[in-house]
Amino acid sequence: KPRIGVLAVQGDVREHLRALASADVEAVPVRRPQEVARIDGLVLPGGESTTIDKLLRIFELQEPIRARIAAGMPVYGSCAGMILLADEVLDGQPGQQTLGGMDITVRRNAFGRQMDSFETDLVMPSLADGAHTPVHAVFIRAPWVERAGDGVQVLATVPTGPAQGRVVACREGALLATSFHPEVTDDYRVHHYFAAMVRDAVRVS
Ligand code: GLN
C-alpha cells in the first residue's frame, strides 16, 4: 500500500487521516524531517498558514518537503495547505513563506467577511461520478486562486454568488489544491482522487 503522510504540526490532521484511511492507503502523521523521506505522498491540512509556515521552519520540515516536491512527490493542500503550495500569496502576513511548487497566486481570506464561512455544491468532473454528483464544499476563511499559470488545470470554480467563477480547486502535475475542506464531510472523493495520483507516481518511480 502507498504510504501517505499528513503534515501534523497544526490544523485538522485527524480528519485527513480518516479520509485517507477510506482510500486503501497507509495514512501516517508527519512531524519529523526523517518521516518526510518515508512517504509516497503528503497532505497539507487546513489550519492557519502563517502558523504552519513558522512551524515548518522551526521543525526543519520546510527544506525536506520542498526537496520532495521538486522531485515530484504528490502533495495535496486544503485551504491553508493550498496557500502553502502556492508560489505567490496575496494578503499574507509580512515575512510569510510558502513551500511553493504550484504556479498559482492565491489570495488569503479571499471571500471577505460576508462569506467568511459558507458551503456550496461544486461540480468537479475530474472526480469519480463528478459530472453527476456535486461535491459539497465547506469553506472556512478560505483562499481562492487569483492567477493560475498555463500548466495549471482548473478542477472547480464557484458556481454562483459574489465569488462566481473563482477557482477553488486546481492541479499542476503531482500537486493538488482545494480552497475547501472535503475532510470535514463524509464525501472523500477528493482524497480518493489524490490517492490515485499517489498510486500513479509510485508505479512510474
Ligand atoms: N485563513 C487561513 C489561512 O490563511 C486558512 C483557513 C483554513 O485553513 N481553514 O491560513
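No lab work stands behind these numbers, since they all come straight from the coordinates. Source: prediction; values computed, not measured. Note: ideal-geometry Cβ built from the backbone for every residue, glycine included; neighbour counts use all protein chains shown.
Only one residue in 52, 39, 83 is more than 16 Å from the ligand (Cβ to nearest atom) and either within 18 Å of residue 11 (Cα to Cα) or among the hydrophobic types (A, V, I, L, M, F, W, C) (or both). Which one?
Among 52, 39, 83, only 39 is more than 16 Å from the ligand (Cβ to nearest atom) and either within 18 Å of residue 11 (Cα to Cα) or among the hydrophobic types (A, V, I, L, M, F, W, C) (or both).
Quick test for you: out of 101, 47, 72, pick the one residue that is in contact (Cβ under 8 Å) with a residue 24 or more places away in the chain, within 12 Å of the ligand (Cβ to nearest atom) and either within 18 Å of residue 5 (Cβ to Cβ) or crowded, with 20+ Cβ neighbours inside 10 Å (or both).
Details: 101 fails: within 12 Å of the ligand (Cβ to nearest atom); 72 fails: within 12 Å of the ligand (Cβ to nearest atom).
Within the list 101, 47, 72, the selection yields 47.
For the condition in a strand (DSSP E or B) and of a type in the set (Ser, Thr, Tyr), what is the one hit in 105, 98?
On the way: 98 fails: in a strand (DSSP E or B).
None of the other options fit; the residue is 105.
Condition check: part of a strand (DSSP E or B), touching a residue at least 12 places away in the same chain (Cβ under 8 Å), under 24 Å from residue 182 (Cα atoms) and away from the ligand (no atom under 14 Å from the Cβ). Does residue 24 satisfy that?
So residue 24 does not fit the description; no.
Rundown of residues vs (1) over 16 Å from the mean Cα position of the chain (by Cα); (2) of a type outside the set (Lys, Arg); (3) buried (at least 23 other Cβ atoms within 10 Å of the Cβ), yes/no style:
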| residue | (1), (2), (3) |
| --- | --- |
| 6 | no, yes, yes |
| 31 | yes, no, no |
| 42 | no, yes, yes |
| 54 | yes, no, no |
| 94 | yes, yes, no |
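Collect the residues in region 143-154 that are crowded, with 19+ Cβ neighbours inside 10 Å and within 22 Å of residue 47 (Cβ to Cβ), keeping them in residue-number order.
Hits for region 143-154 are 143, 144, 145.
Residue pairs, Cβ under 7 Å, 6 or more apart or interchain, first in region 124-150 and over 24 Å from residue 100 (Cβ atoms), second within 16 Å of the ligand (Cβ to nearest atom) and acidic (Asp, Glu). List them.
Qualifying pairs under 7 Å: 136/119; 137/119; 138/119.
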